[in-house]
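A.B. asks: Next up is a structure, given as structure tokens.
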Amino acid sequence: MTVTPTLLKDCLIIEPQVFYDERGFFMESFNEKTFREKTGIAVHFVQDNQSLSAKGVLRGLHYQIGEFAQAKLVQVVQGEVLDVVVDIRPESETYGKYEAVLLTAENKKQLFIPRGFAHGFLVLSDTALFSYKCDNFYHKQAETGIAFDDPAIGIDLNFPREKMIISEKDQSNPTLENAKKIW
């Protein structure tokens, strides 16, 4: 497993070791002990989620507040997405900054997103099967979000807005300045 820091403090790109042969490939997508040894982060995931989305679907930017905040380990099982995270920890030196990482079934990269980050992704392939582990259970009343197009953050998705498929909920997310605070 290779760990690469992003520009955002505590947010990491994880590249599992992949073994290829004539049958295909094998990889250990997560091992708690190895993850802790390589990252120095003790995380215990309690919930796995998947979503299937069509090209142009934009999901996010989402996060949970208070005691229901979540760290996530995300990956693409089929297709490709531009994955985006925003540091929303007010005390952080990278507060309000974002990182965008291309996650694909081919590159098998994962992104570790600590608590205190908003997260979303844009599907670039015809479809994408997106999988993520969470270290806390989903709690509907704690779910919130920020606008993916907040000019103060300046996320460059490099994708035509008119071709995006965005839920009504995600279209009405507030700016970071007006968003619910994480703690």
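No lab work stands behind these numbers, since they all come straight from the coordinates. Just so you know, these numbers come straight off a predicted model, no measurement behind them. FYI the Cβ positions are ideal-geometry reconstructions off the backbone, even for glycines, and counts take in every protein chain you see.
A.B. asks: Looking at region 122-183, I'd like the Rg to Rh ratio, where Rg is from alpha-carbon atoms and Rh is Kirkwood's inverse mean 1/r.
C.D. replies: 0.98
A.B. asks: Now, a different point. Hey, what did the chain get for relative contact order, percent, Cα under 8 Å, at least 6 apart?
C.D. replies: 29
A.B. asks: Restricting to DSSP H runs of at least four residues, report the calculated mean residue ellipticity at 222 nm for the chain, -39500 (n - 2.57) per run over all residues, nearest 500 deg cm²/dmol.
C.D. replies: -1500 deg cm²/dmol
A.B. asks: Let me ask you something else. Which of the listed residues, SER172, PRO160, ASN136, is farthest toward the dipole's positive end in region 129-175, when Lys, Arg count +1 and Asp, Glu count -1 at the beta-carbon?
C.D. replies: With unit charges placed on the Cβ atoms, the residue in question is ASN136.
A.B. asks: Hey, another quick one. Once you list every other residue whose beta carbon is under 10 Å from the beta carbon of LEU73, what net charge do they have if Lys and Arg are +1 and Asp and Glu are -1?
C.D. replies: Result for the local shell: 0.
A.B. asks: Also, quick follow-up: Would you mind counting up the charge near ARG36? Only other residues with Cβ under 15 Å from its Cβ, with Lys and Arg at +1 and Asp and Glu at -1.
C.D. replies: Charge balance in the 15 Å sphere: -2.
A.B. asks: Treating the beta-carbon of each Lys and Arg as +1 and of each Asp and Glu as -1, no other charges, what is the dipole magnitude of region 43-171 about its Cα centre, to the nearest 20 debye?
C.D. replies: Dipole size: approximately 240 debye.
A.B. asks: Two-decimal Rg/Rh of region 43-171 from alpha-carbon positions, Kirkwood Rh?
C.D. replies: Ratio of gyration radius to Kirkwood radius for region 43-171: 0.94.
A.B. asks: On a C-alpha basis, how far is the centre of region 121-164 from the centre of region 46-83 in Å? Whole number, if you could?
C.D. replies: Computed from Cα coordinates, the inter-centre distance equals 7 Å.
A.B. asks: Pick from GLY24, GLY154, GLY56: which is most flexible by mean-square fluctuation in a GNM of the chain where alpha carbon atoms under 10 Å apart are linked?
C.D. replies: Checking each option, the largest mean-square fluctuation is seen for GLY24.
A.B. asks: Please list, by residue number, every one of the trypsin sites (Lys or Arg not before Pro) in region 1-57 that is coil in DSSP and has at most 11 other beta-carbon atoms within 10 Å.
C.D. replies: Answer by residue number: ARG23.
A.B. asks: Go through LYS9/LYS38; LYS33/LYS181; LYS33/LYS72; LYS55/LYS181; LYS108/LYS180; LYS33/LYS97 and tell me which ones have a Cα-Cα distance over 27 Å in this structure.
C.D. replies: Beyond 27 Å between Cα atoms: LYS33/LYS181; LYS55/LYS181; LYS108/LYS180; LYS33/LYS97.
A.B. asks: Using a cut-off of 12 Å between beta-carbons, work out the net charge of the residues near VAL46 (Lys and Arg +1, Asp and Glu -1, VAL46 not included).
C.D. replies: -1
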